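Reviewing the structure listed below.
Bear in mind these aren't lab numbers, they're just calculated from the coordinates by the rules spelled out. Note that this is a predicted model, so its numbers are computed, not measured. Note: ideal-geometry Cβ built from the backbone for every residue, glycine included; neighbour counts use all protein chains shown.
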Ligand SMILES: Nc1ncnc2c1ncn2[C@@H]1O[C@H](COP(=O)(O)OP(=O)(O)OP(=O)(O)O)[C@@H](O)[C@H]1O
């Protein structure tokens, strides 16, 4: 899919079809038992409620004319009992179904989360996070009722309709035909609006998603917004998006409202017709007033399930627009995954080779072309070069965050596309530019990649990267709780924690992408000593704009023009007086 942003509706790659319905059934089937119990309770409740018109007919035609007071009290008590029983059964059923609904959305949501964890970087590159979040949170909520109560109610309402039809036909066939005469009109209207109604609800889901994307983006970027005093302008954008959502919703509701309006009117028309035909056209001996009364009651009862079914249909159409998006996410291919029969990458020494590697994030736009180089185990490699040249891309490819467009990357001679991702990534320590801190304690954050690490190991790692001192200065030391993104910590402190996290995992291959950019020069010098120890015996790729930090690397690769323009030690490159020399000299002058 093309890249998407907050003000662009997402294309629907696979509209709802029978395949999606079968997928939904998988979740529904898991709740078979409670759903059957709820269904049976509803059947009993409906049957009990249905006996009321029969009682009414008997009372009007027999009990009242006979003036049998005792019998009247008895029938009244029975009528009351039918109401109490239906209410109790309906309450129990409602409790069961609430739990079923929650179980279904729990299952869908956990499947979504599991899948999202496996989706490659590319998936996240291509769309705003808010559009992903809304699927897991809001959309799943919105389908819960349709997938639980909706299914049962649909069957029940159908059965209810059949029961009522049977009862009313048993009482009077001619009046029953009048009652059902409105059905073809109703179905015709439904068919007429079906496609437009569906599109209208798809638009609602898109506008909702756009608004959410912008909200999420605005919250993440609130600092920049306030720095540049963009509040008013952003408010305008949000108001427009919220207005689009409101408009789409109101438009879709018009279709939904049309259906009950039609049903109500048809029900009133057929009830009037029963009175007119029953009282004026039919023989009173043949059709008693009790029969007319019972038939008018059946007319209302017959059209009630139709109204309920059409409301269910409305909810279904609404839910489909969410289900489409949910299943689209679940069906999103995990393009970076283990190939069939992928081998475990054995514990590696750390030789890394790029063999004619070509790669681009977007089709037809290569960032790297025919790149080949070899790195021996234990070597430290610095990647330097202008912004946007492709340094991060090189290290992202070693960890196989993206699939190559062409060529191969080998680690200890193993093609990384043929080994399991887990065995590959577990031997790498990657510290990205953005040292993400998760909510929890500092200890949890350092332990993130090695849950079995002891406290002593954690402290040792922190000491090595000079993080121990500042951590102990917090009142609660390692147990200090930090917020998501580490807002309690300075940028440098975040980098140090993330450093400790990477080192604790004891990787054979270390990747440090601008890992020390926010650390002050004094701490960096201290850190360098620890780092030198740690880099010993490990292959390392270090990206840094501050060239003083990579001077001592075994080899420096200058990335430019979709490849490596220069490669050598600091002294060699300085002697060559080329690109690296110019960059280094420029930095020295600035300093
Ligand atoms: N996720 C992405 N999707 C599309 N293009 C990308 C993506 N990430 C990077 N690029 C593009 O690829 C090129 C190389 O980016 P890369 O991040 O590798 O550069 P870099 O050398 O690490 O830059 P810097 O020094 O600024 O970190 C850039 O032109 C950039 O626009």
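Numerical summary
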| item | result |
| --- | --- |
| For the stretch 440-457 and the stretch 162-190, distance of Cα centres in Å | 69 Å |
| Where labels lie 7 Å past Cα in the beta-carbon direction, separation of residue 376 and residue 520 in nm | 4.0 nm |
| Contour excess over end-to-end distance, with Cα ends at residue 433 and residue 237 and 0.36 nm allotted per residue | 67.5 nm |
| Extension gain (nm, one decimal) between residue 187 and residue 251, 0.36 nm per residue minus Cα-Cα | 20.9 nm |
| Contour excess over end-to-end distance, with Cα ends at residue 561 and residue 586 and 0.36 nm allotted per residue | 7.0 nm |
| Mean residue ellipticity (222 nm) of the chain, computed from DSSP H runs ≥ 4 via -39,500 (n - 2.57), nearest 500 | -20000 deg cm²/dmol |
| For the chain, the spread of Cα positions along each principal axis, largest first, Å | 119, 54, 49 |
| Inter-part distance where the stretch 81-154 and the stretch 459-498 are each reduced to a Cα centre, Å | 39 Å |
| Between helix 521-535 and the chain: long-axis angle, C-alpha atoms, 0 to 90°, nearest 10 | 90 degrees |
| Order of 514, 332 - criterion: other Cβ atoms within 10 Å of each residue's Cβ, fewest first | 332, 514 |
| Cα long-axis angle, helix 32-58 against the chain (0 to 90 degrees, to the nearest 10) | 20 degrees |
| Distance between modelled label sites at residue 304 and residue 418, nm, 7 Å Cα→Cβ extension | 7.0 nm |
| Three-way shape label, the stretch 115-259, alpha-carbon gyration tensor, a/c 1.5 | prolate |
| Simple spin-label estimate for residue 279 and residue 349 in nanometres, 7 Å along Cα-Cβ | 10.3 nm |
| Fraction of beta bridges assigned by DSSP in the chain that are antiparallel (%, nearest 5) | 55 percent |
| Fewest-first sequence of 423, 76, 296 by Cβ atoms within 10 Å of each Cβ | 76, 423, 296 |
